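A.B. asks: Quick one: the structure is below, and I'll ask about it shortly.
The values are calculated or read from the model by the stated rules, or taken from the named source; none is laboratory data. Please read all numbers here as calculations on a predicted model, not as lab measurements. Cβ coordinates were reconstructed from backbone atoms using ideal geometry, including for glycine residues, and neighbour counts include every protein chain displayed. Keep in mind that these areas ignore ligands, DNA and RNA; they rest on the heavy atoms of the full protein, side chains included. Shrake-Rupley method; radii C 1.70, N 1.55, O 1.52, S 1.80 Å.
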Number of protein chains: 2
Amino acid sequence: MRVTIKDVAQKARVSTATVSRVFNNIGPVEEETRRRVLETAKELRYTPNAVGRSLSTKRTDAIGLLLPDIYGEFFSEVIRGADQTAQQHRYHLLVSSSHNHRDEIETALRVMSGRVDGLIIMSPQIDAEILTTNLPTNLPVVLLSCFVEDVPYDSLNIDNFGGAKGIVQHLLQHGHRRIAIIKGVENNLDAEERLRGYRSALQEAGIGPDAALEIAGKFSETSGYEAVKKILSLHPPPAAIFASNDATAIGALSALHEMGVAVPQEMALAGFDDIPIAQFFSPTLTSVRVSISDLGALAIQKLVQAIHEKSNHVKQHVVIPTSLALRESCGCPKPH
Amino acid sequence: MRVTIKDVAQKARVSTATVSRVFNNIGPVEEETRRRVLETAKELRYTPNAVGRSLSTKRTDAIGLLLPDIYGEFFSEVIRGADQTAQQHRYHLLVSSSHNHRDEIETALRVMSGRVDGLIIMSPQIDAEILTTNLPTNLPVVLLSCFVEDVPYDSLNIDNFGGAKGIVQHLLQHGHRRIAIIKGVENNLDAEERLRGYRSALQEAGIGPDAALEIAGKFSETSGYEAVKKILSLHPPPAAIFASNDATAIGALSALHEMGVAVPQEMALAGFDDIPIAQFFSPTLTSVRVSISDLGALAIQKLVQAIHEKSNHVKQHVVIPTSLALRESCGCPKPH
DNA sequence: CTCGACTATGTAAACGTTTACACAGTCAAA
DNA sequence: TTTGACTGTGTAAACGTTTACATAGTCGAG
């Protein structure tokens with residue numbers, strides 16, 4: 001039914017080996033033969049079967065990308081960066097989400113492991129121990145936003161602590177002393193580190209911790225919206241809010257508008273991630289800049305490198321720096 | 001090196017056929033044997049090799065998702081819906097973007113075609129003719145937002161015309177007569193249909209076409225932002241703007257704020273797509289509601305169905321209805 | 001007791017490639 | 001003329017499964 005290498009070989013009066021050589025540009029083939037093979041292949045509309053090839057070469061030319069979720073601009077940016085870089089390296093991208101659920105991660109890992117040459121795993125809530133028991137030991141892996149404590153994998157982490165600390169320090173510089181935080185998901189590495197950065201900045205400014213100012217959140221717009229309602233019921237209310245990510249900040253901004261609270265005059269606000277849409281809100285949203293698509297791209301690069309170097313690859317833990325994207329919502333003038 | 005079915009068979013003192021039967025829950029296997037095989041498999045940490053299986057069964061258990069781009073919330077929603085439904089049906093998702101570039105689509109199609117059981121292609125700018133020459137004739141395909149004119153593929157299209165017409169009619173009901181449109185990308189099916197809907201609504205209201213009110217755009221925030229600058233220089237300026245998608249509307253809103261134009265009092269505004277974040281802007285953004293994630297989900301469902309029914313599958317062209325998401329930016333009161 | 005049906009299992013081919021190895025031919029150097 | 005290197009090509013095994021077919025054993029009906 002389907003046209004195979006044998007059909008081409010037979011029709012072109014050569015062996016399958018020769019056809020294979022032609023299609024892989026490998027080994028010596030006489031020009032006349034090559035021409036004949038290519039012509040025959042075109043005639044028969046032959047394309048090499050990827051599965052057969054994979055079985056033989058033990059390569060799949062695919063990379064798995066396991067995300068905790070696929071919601072909002074943050075993840076689309078990650079995927080975008082990864083896709084772009086994967087294409088450059090001639091790899092396919094197998095995308096899947098785990099919903100941060102242990103079982104789903106396990107099955108995803110197992111079921112993906114056979115069909116990819118390497119794996120990028122973003123799992124801020126589930127510890128990496130799950131990996132060692134569910135993955136073949138020699139499969140290259142890059143961890144994104146994972147708890148990494150001497151795990152034998154490459155890893156990429158955003159400088160959550162530094163970024164959060166920096167932005168809170170900036171809010172302090174605006175003269176605010178009572179600064180609330182809307183926290184991220186519980187037991188989430190990114191969330192915890194950002195909280196730590198927040199506390200550290202306050203402490204260094206000589207401001208004691210105040211549990212009432214640490215409001216629960218879930219990294220979602222809705223949770224930011226709801227958190228603001230709680231925050232505004234405080235007496236006295238804080239002068240500024242640090243939202244643990246931009247989605248939360250956006251929800252918060254929406255609630256503040258609705259309650260008639262002027263931002264930044266009556267309440268300063270800052271987020272984290274600097275998703276592209278942040279600059280289109282009014283006031284434009286101050287945030288901690290992370291080049292999210294670069295994060296995806298870098299992960300692919302590291303993974304491809306690991307795949308090629310195979311056994312003698314040196315694992316690295318990289319921390320990606322952040323910078324401040326100062327806009328109107330914290331009280332800064334909008335950059336021209 | 002890698003542990004295969006043979007290793008398990010040997011250790012469990014059975015044939016590979018039996019091991020296969022156990023792992024596929026197929027055919028009769030004595031309970032005692034089954035137990036022994038499973039135990040041995042666990043002991044050796046055996047997992048069936050997907051590639052070998054694929055070669056034998058001629059199934060890959062993967063679905064390709066080819067998108068024009070991966071940017072912003074629209075596409076993350078498509079991917080999210082597709083991923084979720086694919087997982088339910090035990091399919092993997094191979095995601096790739098084509099940047100709307102003909103060459104990239106061609107290579108993507110060719111290179112994907114061997115490794116997926118079916119393909120979802122979103123290509124609002126490139127005609128489907130490209131498919132027939134680059135795809136095996138029997139590969140199930142679902143087209144998203146493609147020009148479909150008796151092409152032999154399943155297709156899903158948003159009711160762009162109806163949605164656009166409806167929202168413009170709504171703007172008319174608010175009493176606005178001069179309504180501008182910020183158009184989408186050129187030669188893009190969705191964009192053209194939305195423009196057609198806009199014109200149709202105006203015509204039926206007895207308002208003649210006015211080329212000056214049809215502003216170029218690119219479905220991006222930036223293009224919306226820039227379009228507004230042009231719109232505000234019109235004499236007299238229009239009373240309302242219909243942006244061809246939400247990204248454009250968001251950019252437009254940002255520009256209007258910056259120029260000090262009150263929305264909706266001085267300028268009413270509406271978008272298209274109703275991306276989740278639309279309701280968090282202020283004013284909340286009126287839009288044409290499309291359940292984007294359902295679009296992705298539905299595409300997968302149709303494709304899975306086509307895969308199973310194989311040859312005797314009846315192709316369908318489905319038009320997905322839209323509804324109006326009326327919020328503040330058009331002048332409606334915010335729903336509670 | 002015989003036969004057929006059924007259960008449990010094994011044998012081996014098939015899937016579509018790649019590639020190690022073998023082989024024949026050509027050509028230049030010795 | 002022999003030798004060795006090199007070029008161009010073919011043979012066949014290997015990759016890890018599934019599955020059609022074969023076989024052996026058990027059991028109940030006749």
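A.B. asks: Please report how far the C-alpha centroid of the range B:83-147 lies from that of the range A:32-74, rounded to the nearest whole angstrom.
C.D. replies: With the range B:83-147 and the range A:32-74 each reduced to a Cα centre, they are spaced 14 Å.
A.B. asks: Modelling each spin label as a point 7 Å along the Cα-to-Cβ direction, I'd like the B:Asp294/A:Gln10 distance in nm, to one decimal.
C.D. replies: 5.1
A.B. asks: Extension gain A:Arg102-A:Arg178, at 0.36 nm per residue separation less the Cα-Cα distance, in nm?
C.D. replies: 23.6 nm
A.B. asks: Between B:Asn187 and A:Lys334, how high is the FRET efficiency from 1/(1 + (r/R0)^6) when r is the Cβ-Cβ distance and R₀ = 60 Å? Nearest 0.05.
C.D. replies: Once the sixth-power term is evaluated, E becomes 0.95.
A.B. asks: Okay, next question. What's the center-to-center distance, using Cα atoms, between the range B:156-211 and the range B:269-336 in Å?
C.D. replies: About 17 Å separates the Cα centre of the range B:156-211 from the one of the range B:269-336.
A.B. asks: Summarise the long-distance tail of P(r) for the range B:107-154 by giving the % of C-alpha pairs beyond 14 Å.
C.D. replies: Value for the range B:107-154: 44 percent of Cα pairs lie more than 14 Å apart.
A.B. asks: Moving on to the next point. Averaging sequence separations of C-alpha pairs under 8 Å and six or more residues apart, then dividing by the length of chain A, give the relative contact order as a whole percent.
C.D. replies: 17
A.B. asks: Mind checking which lysines have their Cα closer than 25 Å to the Cα of B:Lys229? Skip sequence neighbours fewer than 8 apart in that chain.
C.D. replies: A:Lys334, B:Lys165, B:Lys183, B:Lys218
A.B. asks: For the protein assembly as shown, with every protein chain kept in place, what is the accessible area per residue (1.4 Å probe, Å²)?
C.D. replies: 44
A.B. asks: Here is a further query. Indicate, rounded to the nearest 5 percent, the antiparallel portion of the DSSP beta bridges found entirely in the protein assembly as shown.
C.D. replies: Bridges in the protein assembly as shown that DSSP calls antiparallel: roughly 10 percent.
A.B. asks: In Å² (nearest 100), what accessible area is buried between A and B, both sides summed, heavy protein atoms only, 1.4 Å probe?
C.D. replies: Answer for the A-B pair: about 4300 Å² buried.
A.B. asks: Here's something else I'd like to know. Can you list the copy-to-copy distances for B:Asn187, using a point 7 angstrom from Cα toward Cβ, in nanometres, shortest first?
C.D. replies: Those separations, rounded to one decimal, come out as 5.2 nm.
A.B. asks: Also, I was wondering about something else. Out of every Cα pair in the range A:5-48, what percent are spaced more than 16 Å from each other?
C.D. replies: Taking all Cα-Cα pairs of the range A:5-48, the fraction more than 16 Å apart is 18 percent.
A.B. asks: Please state the charge dipole magnitude for chain A, taken about the Cα centre, from unit charges on C-beta atoms (+1 on K and R, -1 on D and E), reported in debye and rounded to the nearest 20.
C.D. replies: 1300
A.B. asks: Give the nm distances, rounded to one decimal, from B:Ala205 to the matching residue in every other copy, measuring between label points 7 Å along Cα toward the beta carbon; shortest first.
C.D. replies: 5.0
A.B. asks: Regarding chain B, what whole-number volume in Å³ per residue does the convex hull of its Cα atoms give?
C.D. replies: Enclosed volume per residue, from the Cα hull, is 175 Å³.
A.B. asks: For chain B, what is the calculated [θ] at 222 nm in deg cm²/dmol (nearest 500), taking -39500 (n - 2.57) for each run of four or more DSSP H residues and dividing by its residue count?
C.D. replies: For chain B, the value works out to -13500 deg cm²/dmol.
A.B. asks: Scan chain A and report its longest stretch carrying no GluC sites (Glu not before Pro) that are both in a DSSP loop and have at most 16 other Cβ atoms within 10 Å.
C.D. replies: With a cap of 16 other Cβ atoms within 10 Å, the longest stretch comes to A:31-148.
A.B. asks: How far apart are the B:Thr47 label points across copies, placing each 7 Å from Cα toward Cβ, in nm, shortest first?
C.D. replies: Output for B:Thr47: 2.7 nm, nearest copy listed first.
A.B. asks: Per residue, how much space in cubic angstrom lies within the convex hull of the C-alpha atoms of the protein assembly as shown?
C.D. replies: Value for the protein assembly as shown: 190 Å³ per residue.
A.B. asks: Enumerate the helices in chain B for which the Kyte-Doolittle hydropathy averages 0.5 or more and the C-alpha atoms extend at least 24 Å along the helix's axis, using complete DSSP H runs.
C.D. replies: Within chain B the helices that satisfy the rule are B:292-309.
A.B. asks: Output the relative contact order of the range B:58-107, whole-number percent, from Cα pairs under 8 angstrom with separation of 6+ residues.
C.D. replies: Relative CO of the range B:58-107 lands at 51 percent.
A.B. asks: Using a cut-off of 17 Å between alpha-carbon atoms, which aspartates and glutamates can reach B:Lys42, once sequence neighbours fewer than 8 places away in the same chain are excluded?
C.D. replies: A:Glu106, B:Asp7, B:Glu31, B:Glu32
A.B. asks: Let me ask you something else. Let me check against my output: what whole-number percent is the relative contact order of the range A:5-48, with C-alpha pairs under 8 Å and at least 6 apart?
C.D. replies: After rounding, I find 41 percent.
A.B. asks: Ok, one more. Under a cut-off of 17 Å between alpha-carbon atoms, report the lysines in cross-link reach of B:Lys315, not counting same-chain residues fewer than 8 places apart.
C.D. replies: Here the lysines satisfying the reach criterion relative to B:Lys315 are B:Lys302.
A.B. asks: Okay, moving on. Amide H of B:Ala268: which non-local residues (sequence gap of 5 or more, or other chain) have their own amide H closer than 5 Å, using H built in the peptide plane?
C.D. replies: Excluding prolines and chain starts, which carry no amide H, the hits are B:Ala240, B:Ile241.
A.B. asks: Hey, for a label at B:Asp150 modelled as a point 7 Å past Cα toward Cβ, could you say which residues of the range B:292-336 have their backbone N under 20 Å away?
C.D. replies: So the set is B:313-319.
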